[in-house]
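Okay, structure first, notes after.
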Amino acid sequence: MKNLGNLMKQAQEMQAKMQEMQDRLAEIEIDGTAGAGLVTVTLNGKGDMRGMKIDPSIFISGDAEVVEDLIVAAHNDARVKSEQRMQEEMSKVTGGLNLPPGMKLPF
């Protein structure tokens, strides 16, 4: 029973660390860019969009599809960077705990 108590304590500590990490991720801002910096999308560490900047020069061509494609590409760039950052933060919390492939925290 002593081991079970220790296991429960460790689980509670990890849960507290996970909550702290989630709070930190909500405050982090990550930029994704496309079109050599013509479009920048800013996400927080949880993937919520916080802002977008579009260089006015891309509107001169009048091609809305290009602008739309650049926005999608910038968002995808920011999302990938955000996911990488989350994995880095997660490895700090789990202490390098190797999870089976496909298993992600938080559940």
- Task: Examine the range 22-36 for a residue that is assigned to a loop (DSSP other than H, G, I, E, B), in contact with an Asp or Glu (Cβ under 7 Å, 6 or more places away or on another chain) and surrounded by 11 or more Cβ atoms within 10 Å (Cβ to Cβ), and state whether such a residue exists.
- Result: no
- Message: Quick check on the range 39-74: of everything there that is assigned to a helix (DSSP H, G or I), acidic (Asp, Glu) and loosely packed, with under 13 Cβ neighbours inside 10 Å, which residue is farthest from the chain's Cα centre (by Cα)?
- Response: 65
- Message: Just to be sure I understand, how many residues within the range 79-95 are surrounded by fewer than 16 Cβ atoms within 10 Å (Cβ to Cβ) and either at positive phi or in contact with a helix residue (DSSP H, G or I) (Cβ under 7 Å, 6 or more places away or on another chain) (or both)?
- Response: 1
- Among (1) modelled with pLDDT under 95; (2) not in a helix (DSSP H, G or I), which single condition is residue 83 missing? (2)
- Since residue 5 meets every condition but one in (1) loosely packed, with under 11 Cβ neighbours inside 10 Å; (2) touching a helix residue (DSSP H, G or I) at 6+ places or on another chain (Cβ under 6 Å), which condition does it not meet? (2)
- Query: What number of residues in the range 40-60 are in contact with a helix residue (DSSP H, G or I) (Cβ under 9 Å, 6 or more places away or on another chain) and at pLDDT below 95?
  - Reply: 7
- Query: Across the range 1-38, which residue is nearest to the chain's Cα centre (by Cα) among those that are over 25 Å from residue 93 (Cα atoms) and among the aliphatic types (A, V, I, L, M)?
  - Reply: 34
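The values are calculated or read from the model by the stated rules, or taken from the named source; none is laboratory data. Just so you know, these numbers come straight off a predicted model, no measurement behind them. All Cβ positions, even for glycine, are placed from backbone atoms using ideal geometry, and neighbour counts span all protein chains on display.
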